[in-house]
Amino acid sequence: MGGRTVWLFGHQLSMKMPALVTMDRGRDTILIVKAASRAGWLAYHKQKIAFVYAAMAHFVEELRSDGYRVDYRTAETFDAGWTAHVAEWNPSEVCIHVPTEDRFRRMVLRWAAEDRPQNVKLFEESALFLVGESEWETLLPDGQQWRLDGVYRLLRQRFSILMDGKKPEGGKWNYDQDNRKPPKKGLQFEPALFFPPDECTKQVIEDVEQSFSDCPGRLDSFAWPVTRQQAAALLDHFLEHRLPTFGEYQDAMMTGNLFMSHSLLSAVINVGLLDPLEVIRKAEHAYREAKAPLAAVEGFIRQILGWREYVRGVYLRSMPEYAQLNALGHTNPLPSFYWTGETKMNCMHQVVTEVIQYSYSHHIQRLMVLGNFANLAGIRPQEVSDWFNQMYVDAYDWVVLPNVLGMALYADGGKMSSKPYISSGLYIDKMSDYCDGCAYDVRKRTGENACPFHSLYWHFIHRHQEKLSRNARMGQVVSAWKRMEEPTQAELLEQAEYVLDKLAGGEL
């Protein structure tokens, strides 16, 4: 048939993708391949697979209704889908947006390098991010310590977000200190907006249940937005009803209240259903209209304009070596309760059970419960990263590795984060109601029913004290350990070994 082919992948569902914007609807064709092999790279949560498949199917419907010619095909592999497309459509050129994800990227670059009958023209995924790939060499230069703050300030200035002339709105760049309130009894939030599956999505759910029956997770609660219209409705609902209470309690954790005032927007942003800059500007508008306080709006914007861009930059600058880093030398296997939720530790039980049910938990649950325990227990970082990649609806390799391997597990030795994010059970007790009714007593550091986080915390400090003593933000903790009386140290280390033995035996 001739003409160009614009090949879009399942996370590139934006009408603003560069090659899509310039295509000739009368001559060019959009190719979207639902490759079974991609869904099998890891044993992904069923909701994650269903979300991407349903979003793809609805995006195809939208494209066709807008007059685009779309070749939407199912194939075992992307190569097979491409070969079949070429045989049928005979394109003169294929336009591909190079994915951020390293494995995907290498595959696309291989296609571009091959001697194919069609010319391959490569584009950046610029509709999905705010910073161009080449800029990261300047923003995150070799030989210097990388940190979020400088990148975030620069992007605030560049896009004129929450700025008062050349100064930050309100006089501060960061209002994180105002966003750390623990939960209190009777705390209530406006319910999140969910979307009952339509017939198309119901068919996707049925197909996923049949084709991926061995994958983890449940589908009975699936209610994610899968169209641009639904994603926009979720954003508007969040800005009007939930952003005002997002800030103060964004680090809190509550039993039976998984979503609290969190936006639930990461999944739709990461597949292109929402434009990140549009989200940011609408949030800023809510502040300018006095519909949400500055601390809440700044905290929300920092997650997208700051952290999301920053972790992508770290990923682009560090791969592929980054994926294998293990600076702390942790080698223990991932406990089975990460898959089942079957543990007497109520915090772990609550969070993992909700992940199984919804393919979601918010950032503090991920960092200070799941990641914290894995680090304290010396779990091999690659197993933890794979689990996060598999189990979360919003997870992609470029997101997971810096967030989990880097920030949560400190496996990069501090390349992108200033300290290990670890804590004893006291932090979890302060910021959640999980310790109420737990089989383990958060007030006890040693003994049969002592909270496992306590002794594991000091065991971590002990075994890594040489490295941690050189860290400005951990030096005081190491000094506190060294000041402890030897019998107290010995008792805590013995308790930690007891906990690790129970963990290895599946009895924790």
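Here, each number is a calculation from the coordinates, and none is a lab measurement. These numbers were taken from a predicted model, which means no experiment stands behind them. Because the Cβ atoms are built from the backbone with ideal geometry, glycine has one as well, and the counts that use them run over all protein chains shown.
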Charge tally for neighbours of residue 238 with beta carbon under 11 Å away, counting Lys, Arg as +1 and Asp, Glu as -1, is -1
Mind checking the full-extension length gain between residue 501 and residue 185? Use 0.36 nm per residue of separation minus the Cα-Cα distance, one decimal, nm. 110.1 nm
What is the count of Lys pairs in the range 393-506 whose alpha carbons sit under 17 Å apart, if the two are 8 or more places apart or on different chains? 4
Can you give the helix-only mean residue ellipticity at 222 nm for the chain, where every DSSP H stretch with n ≥ 4 adds -39500 (n - 2.57) and the sum goes over all residues, rounded to the nearest 500 deg cm²/dmol? -12000 deg cm²/dmol
What is the spin-label model distance, in nm, from residue 486 to residue 177 if the labels are put 7 Å beyond Cα along the C-beta direction? 4.2 nm
Report the equivalent ellipsoid semi-axes for the range 337-504 in whole Å, largest first, defined as the square roots of five times the eigenvalues of the gyration tensor built from alpha carbon atoms. 25, 21, 13
May I ask which residue of 65, 21, 47 lies farthest towards the positive end of the charge dipole of the range 4-123, with charges of +1 (Lys, Arg) and -1 (Asp, Glu) on Cβ and the Cα centre as origin? 47
nm² value of the averaged projected area, convex hull over the Cα atoms of the range 4-123: 7.0 nm²
Taking every other residue with Cβ under 11 Å from the Cβ of residue 224 and scoring Lys and Arg +1, Asp and Glu -1, one gets 0
Just check the range 119-278 against the gyration tensor rule for me: Cα atoms, a ≥ b ≥ c as the square roots of the eigenvalues, rounded for a/c under 1.5, and otherwise prolate or oblate depending on whether a/b exceeds b/c. oblate
Residue 46: which aspartates and glutamates have alpha carbons under 13 Å from its alpha carbon, excluding same-chain residues fewer than 8 sequence positions away? 206, 207, 209, 214, 220, 394
Which order do the peptides 278-286, 191-199, 404-412 come out in when sorted by mean C-beta neighbours inside 10 angstrom, highest first? 404-412, 278-286, 191-199
Return an integer: the convex hull volume of the alpha-carbon atoms of the range 425-478, in Å³ per residue. 78 Å³
Work out, step by step, the length gained on full extension between residue 236 and residue 83: first 0.36 nm times the residue separation, then minus their alpha carbon distance; give nm to one decimal. 50.9 nm
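Determine the equivalent ellipsoid of the chain by diagonalising the alpha-carbon gyration tensor, then write out the semi-axes as square roots of 5 times the eigenvalues, largest first, rounded to whole Å.
Values: eigenvalues 319, 129, 111 Å².
Whole-Å semi-axes of the equivalent ellipsoid: 40, 25, 24.
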Placed amide H near residue 74: partners under 5 Å, 5+ positions off or other chain: 34
